[in-house]
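Values quoted throughout were computed directly from the atomic coordinates according to the rules given, and no laboratory measurement underlies them. Remember, it's a predicted structure, so these values are computed and weren't measured experimentally. Neighbour counts run over all protein chains shown; Cβ positions are idealised from the backbone, glycine included.
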Amino acid sequence: MHYSREQDQWYLKLSGRTYPMHCGESFLLHIGKTPFSCRLELGANWYVILQEITIILHPSAVYTVSI
C-alpha cells in the first residue's frame, strides 16, 4: 500500500492494478511476517486501528497488506 500526495489517498496494488483505499476499509497489515487485521481511517493524518492501537501511517512508507 502506498500514498499519493497529489490525491491525498492510499492505494493498493493488486494483480497489476491500483485501487484507491477509503476510510473504514479493513485489510491485513503485515508487520514482519505476521498479518494483523486493521481498519483505515483519516483524522489529522491517515492512520490504522489495529485492535485497540492507533498507528499513524507515514506518507513516504510502503506497507505490505492483503485483503
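Would you please name the trypsin sites (Lys or Arg not before Pro) within the stretch 2-61 that are DSSP coil residues with at most 10 other C-beta atoms within 10 Å of their C-beta?
Passing sites in the stretch 2-61 are Arg5, Lys33.
Test of understanding: express the Cα radius of gyration of the stretch 1-40 as a ratio to 2.2 N^0.38 Å, with N the residue count.
Expressed relative to 2.2 N^0.38 Å, the Cα Rg reads 1.23.
State the label only: which of (1) 0.93; (2) 0.97; (3) 1.01 corresponds to Rg/Rh (Cα atoms, Kirkwood Rh) computed from the shown model?
(1)
Relative contact order (percent) for the chain, with alpha-carbon contacts under 8 angstrom and 6 or more residues of separation?
Here the relative contact order equals 30 percent.
Are there GluC sites (Glu not before Pro) in the chain that DSSP puts in a loop and that have at most 11 other Cβ atoms within 10 Å, and which ones?
Answer by residue number: Glu6, Glu52.
Please report, in debye to the nearest 20, how large the charge dipole of the chain is about its Cα centre when each Lys and Arg carries +1 at its beta carbon and each Asp and Glu carries -1 there.
Details: 5 positive and 5 negative charges, 55 e Å.
For this selection, approximately 260 debye.
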